[in-house]
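Here's the structure we're looking at; comments come further down.
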Amino acid sequence: MKATEILTNEHHVIEQVLNCLEAIVRLAKSTGRLDRQSAEDAVAFFRNFADRCHHGKEETHLFPALEANGFPREGGPTGVMLHEHERGRALVRGMDEQLAAAAAGDPAAVGHFLANAEGYLVLLREHIYKEDHVLFQLADRAFTAEDQQRLLDAFQQVEAEEMGAGTHEKYLKLAQDLAHRLGVVDPTGEVQYGHFHCTCGH
């Protein structure tokens, strides 16, 4: 298992919750009111799994390893990815700030929530595509087997020390529950969570 494969597997789960967010958006547009519980679950997932766990691994370990192999941050691929991470955080904050009022049916808040959600959907889907099809391929060509193992060890440390025992599984279950609640199935027709590779050692 390569470090980049761990990140790609995490992308699959993130994409599933993006599909859930899209379902939340459709429902809000049709009813004029936000499904509060589902929206809160999605925001929590994006903030903790997609950002703290997944982006944390990239920013703390993958990107510095790429830069150590000669990829520049300024004007280079890691600089672009970091900028998109920051844009994503701003959009998640925007959703969170409007969530309560939108769930109460405030039309302006619903509109603001939807604008942030739709912006996040476009941003993250394009971001994941660029990482899966460009950045991770560059990484796999640049890294030695020892580099990959160091990254795997570092990812496990993120799970154990920074996220805490059981946190990874908590958000995988949240993603699965959200998908089932909203009737969102994986595009392949499969539920991937059961054989998701966790780096936390559980």
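Quick notes
- The one condition from (1) touching a helix residue (DSSP H, G or I) at 6+ places or on another chain (Cβ under 6 Å); (2) closer than 30 Å to ARG26 by Cβ; (3) at pLDDT below 95 that GLN148 does not meet is (2).
- Qualifying positions in region 152-170 - under 20 Å from GLU59 (Cα atoms) and of a type outside the set (D, E, K, R): LEU152, ALA154, PHE155, GLN156, GLN157, VAL158, ALA160, MET163, GLY164, THR167, HIS168
- Residue count for region 163-185 under the criterion of being in a helix (DSSP H, G or I), touching a Cys at 6+ places or on another chain (Cβ under 8 Å) and surrounded by fewer than 16 Cβ atoms within 10 Å (Cβ to Cβ): the result is 1.
- If only residues of region 1-32 that are within 12 Å of HIS54 (Cβ to Cβ) and polar (S, T, N, Q) are counted, the one that is surrounded by the fewest Cβ atoms within 10 Å (Cβ to Cβ) is THR8.
- Verdict on ALA3 being free of Cβ contacts under 8 Å to residues at least 24 places away in the same chain and within 20 Å of ASP147 (Cα to Cα): no
- PRO64 fulfils the conditions (1) over 24 Å from ASP96 (Cα atoms); (2) touching a Phe, Trp or Tyr at 6+ places or on another chain (Cβ under 7 Å) except for a single criterion, (2).
- Number of positions in region 25-81 that are touching a Gly at 6+ places or on another chain (Cβ under 9 Å), in contact (Cβ under 8 Å) with a residue 12 or more places away in the chain and more than 23 Å from GLU15 (Cα to Cα): 3
The values are calculated or read from the model by the stated rules, or taken from the named source; none is laboratory data. As the structure is a computational prediction, the values presented were derived from the model and not from experiment. So basically every Cβ, Gly included, is an ideal-geometry build from the backbone, and we count neighbours across all protein chains shown.
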